Amino acid sequence: MVTSYNGLRCIRRRVRCLLALGMLVGTLASCGYTLVSAPPDTPGHRLPLAIVPFTNQTREPDLERLTTAALRQSILQSQIFSSASDEVSVRRLQGAIRRLRSFPLSFDQNDAVLQYRIEADFHIRLVEASTQRPTLEQDITAWAEYLVSATGTVLTPGAVREDIVARQAALARLAQQFADKCLALLAIALL
């Protein structure tokens with residue numbers, strides 16, 4: 001009886017170890033880990049995509065840099081796409097920021113603005129390198145909101161600085177929202 005009990009315990013321990021090992025392998029496989037130097041047809045292979053710097057057709061300075069940087073950063077973090085140079089990539093993404101709108105959302109009791117919403121319209125174009133023809137053209141709208149200083153006035157320098165910082169942070173969020181929407185659209189179009 002003692003040997004069969006020890007044998008049963010040993011089998012149970014082996015089964016638990018195999019289950020734990022299977023769960024570990026399953027978790028690693030589902031998290032997007034890929035083999036280094038894997039052949040291009042493996043499931044973990046990412047599509048190379050070249051990002052051309054966006055053009056800014058608005059009056060907001062530096063918005064094209066924020067947008068291009070957000071898109072390139074999102075591609076670096078993507079499990080579907082990889083960043084590539086224009087010479088190497090099969091596809092090139094180019095775009096323009098066509099319009100930027102800003103309007104107040106909320107006011108205090110003295111009708112001073114407390115919160116703004118900014119919206120931007122982007123136009124993207126995905127071009128095949130071999131044919132130089134667009135395979136996708138799409139308009140995307142992104143938005144962000146920000147609070148302005150309720151305590152300060154225009155005469156208070158700290159309040160103006162806070163408002164500028166809040167607007168810049170909102171523009172960065174807007175660029176990131178655009179990048180997320182853009183990559184989701186590209187994933188649907190290319191997969």
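Quick one: order E64, E128 by neighbouring beta-carbon count within 10 Å, fewest to most.
Details: E64 19, E128 13.
The most exposed by this proxy come first: E128, E64.
Under 18 Å from a point 7 Å along the Cα-to-Cβ line of E87: which residues of the range 123-137 have their amide N that close?
Zone members listed by number: 129-130.
Which net charge results when you count Lys and Arg as +1 and Asp and Glu as -1 among the other residues whose beta-carbon is under 10 Å from that of D121? Intermediate values should be presented prior to the final figure.
On the way: positive: R98, R99, R101; negative: E119, D139.
With Lys, Arg at +1 and Asp, Glu at -1, the neighbours total +1.
Over all alpha-carbon pairs of the range 41-190, lay out the pair-distance distribution in 5 Å bins, whole %, shortest bin first.
Using 5 Å bins, I get a P(r) of 2, 9, 17, 19, 16, 12, 9, 6, 5, 4, 2, 1, 0 for the range 41-190.
With r as the distance between the Cβ atoms of R72 and V113 and R0 = 25 Å, compute the FRET efficiency 1/(1 + (r/R0)^6) and round to 0.05. Walk me through the numbers on the way to the answer.
Working: r = 33 Å, r/R0 = 1.34.
Plugging the Cβ-Cβ distance into 1/(1 + (r/R0)^6) gives 0.15.
Please give, to one decimal in nm, the separation of the simple spin-label points placed at Q79 and R99, each 7 Å out from Cα toward the Cβ.
3.6 nm
Where does each of 100-107, 165-172, 114-121 land if you order them by average Cβ count within 10 Å, highest first? Write down the numbers at each step before the final one.
Values: 100-107: 12.4, 165-172: 15.6, 114-121: 17.1.
Ranking, from highest mean packing down: 114-121, 165-172, 100-107.
Length gain on complete extension for the stretch R12 to Q138, per 0.36 nm per residue less the alpha carbon to alpha carbon distance? Present the calculation step by step, with values, prior to reporting the outcome.
Values: separation 126, 0.36 × 126 = 45.36 nm, distance 5.73 nm.
Using 0.36 nm per residue and subtracting the Cα-Cα distance, I get 39.6 nm.
A short reminder: the numbers here are calculations on the coordinates, not readings from a lab. Not measured: the values here are computed from a predicted model. Backbone-built Cβ (ideal geometry, glycine too); neighbour counts: all protein chains shown.
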